[in-house]
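*Asks:* So that we are looking at the same thing, I have put the structure below in structure tokens.
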């Protein structure tokens, strides 16, 4: 069995959102098709403490931390600076390569490779023969640049443009430097293939769910109000999720209230209680981060994905499907998923269309049930851990064959 060293700056259990869920499910899939070793670049406190460490240890042969993890700041901005500093990079690179050499590991899999540019470059510079998988959760340059039309400040626009163009240059380097670059969808794969000299190095590694985690419907929160719409994510000022929630609050909810006065809007996830602390509306509940979103998700009427810019993980739609909850999304919110308007989900891009779609699903229970059932079938057939195991196996087989040809 091929040996894989998996390293990531994003790790948390229980998973707090799409990024953490992608990493957790990637580890589960890779553990089935390789001898897996994990080196976390996140701190013990950040991943969820010893319970989280024991959880991940159950999926690998060895679980360790890079030396810098013990010295990372509690401030996330400082952590970003620390991770790209020359001292931290050199120490972590040396640690990873020495571990790989001691254990005869020929594949280093970078979870969230698109935010690991400096470390990947340093690894390859020090040992070009080692095989690297740059695992991406999105096209990060699109994630950044799509925010330009929604920013009014010229200074802020310039910062977004500069950051997006820098990320584009990094992506062009990474797709040619890495032995494999993964994409979560065909749309992302098309972009990566367009900027590399070797398009076959781009492989699908989908976002999936561990379906068994969604089989049991949890009890609803005691104070849940119905009918209800639900939005979950990670929120911070000017982020895609922040803009999406404000769009619903300011433009969609007033239309909804005219038709359904008692409609309730739940905003759930990390940062929501800070970003929306000034919201004072009896029709809106903001929970902040929860141990699990499932008690709410499984007991609302509609899950909404009102994203207007980003390039992300799409777990919001997958989780709703696994929980038998109908979904309304913007076109962008469903990008990359093989869903069809009117069959698996409803797609709406204007406030009026979005509000009317919510009204339809709350008033037409047959339509609501049919959409939920179709989406559930799609998720279970194409977005399971078993599906990801096949993709992981194909990637490792491709790497193994290449290694045999080069070095045997």
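*Asks:* Can you give the helix-only mean residue ellipticity at 222 nm for the chain, where every DSSP H stretch with n ≥ 4 adds -39500 (n - 2.57) and the sum goes over all residues, rounded to the nearest 500 deg cm²/dmol?
*Replies:* Here the helix-only value at 222 nm equals -14000 deg cm²/dmol.
*Asks:* Can you compute the modelled spin-label distance between residue 365 and residue 289, with each label point 7 Å from Cα toward Cβ, in nm?
*Replies:* About 3.9 nm separates the two model spin labels.
*Asks:* So if R0 is 30 Å, what FRET efficiency would residue 224 and residue 204 give, r being the distance between their Cβ atoms, rounded to the nearest 0.05?
*Replies:* The formula returns an efficiency of 0.20 here.
*Asks:* With a ≥ b ≥ c the root eigenvalues of the C-alpha gyration tensor of segment 317-387, is it rounded (a/c under 1.5), prolate (a/b larger than b/c) or oblate?
*Replies:* Oblate is the answer for segment 317-387, as a/c is 1.5 or above yet b/c matches or exceeds a/b.
*Asks:* Given the C-alpha centroids of segment 1-54 and segment 157-197, what is the distance between them in whole angstrom?
*Replies:* Answer, in whole Å: 24.
*Asks:* Also, I was wondering about something else. At 7 Å along the Cα-to-beta-carbon direction for both residue 121 and residue 343, put a label point, then send me their distance in nm to one decimal.
*Replies:* Simple spin-label model gives 4.4 nm for this pair.
*Asks:* Could you tell me which of rounded, prolate or oblate describes segment 113-161, using a ≥ b ≥ c as the square roots of the eigenvalues of the alpha-carbon gyration tensor, with rounded for a/c under 1.5 and, failing that, prolate when a/b is larger than b/c and oblate otherwise?
*Replies:* Since a/c reaches 1.5 and a/b is larger than b/c, the shape of segment 113-161 is classed as prolate.
*Asks:* Averaging over all projection directions, find the projected area of the Cα convex hull of the chain and quote it in nm² with one decimal place.
*Replies:* 19.7
*Asks:* Could I ask something else about it? Can you give the Kirkwood hydrodynamic radius for segment 290-408, in Å, rounded to one decimal and based on Cα pairs?
*Replies:* 15.9
*Asks:* If you don't mind, another one. Take the alpha carbon atoms of segment 158-301, find their radius of gyration, then divide it by 2.2 N^0.38 Å using N residues; give the quotient.
*Replies:* So segment 158-301 has a normalised radius of gyration of 1.38.
*Asks:* Something else now. For the chain, what does the relative contact order come out to in percent, with C-alpha contacts under 8 Å and a separation of six or more?
*Replies:* 15
*Asks:* Calculate the FRET efficiency for residue 104 and residue 154 from the Cβ-Cβ distance with a Förster distance of 60 Å, rounded to the nearest 0.05.
*Replies:* The formula returns an efficiency of 0.65 here.
*Asks:* Rounded to the nearest 5, what is the percent of antiparallel bridges among the DSSP beta bridges in the chain?
*Replies:* 0
*Asks:* For segment 213-382, just the Cα set please: Rg and Dmax, both in angstrom.
*Replies:* Every Cα atom of segment 213-382 included, Rg and Dmax give 14.5, 42 Å.
No lab work stands behind these numbers, since they all come straight from the coordinates. Since this is a predicted model, take the numbers as computed values, not measurements. Every residue, glycine among them, receives a Cβ derived from its backbone with ideal geometry; neighbour counts consider all protein chains shown.
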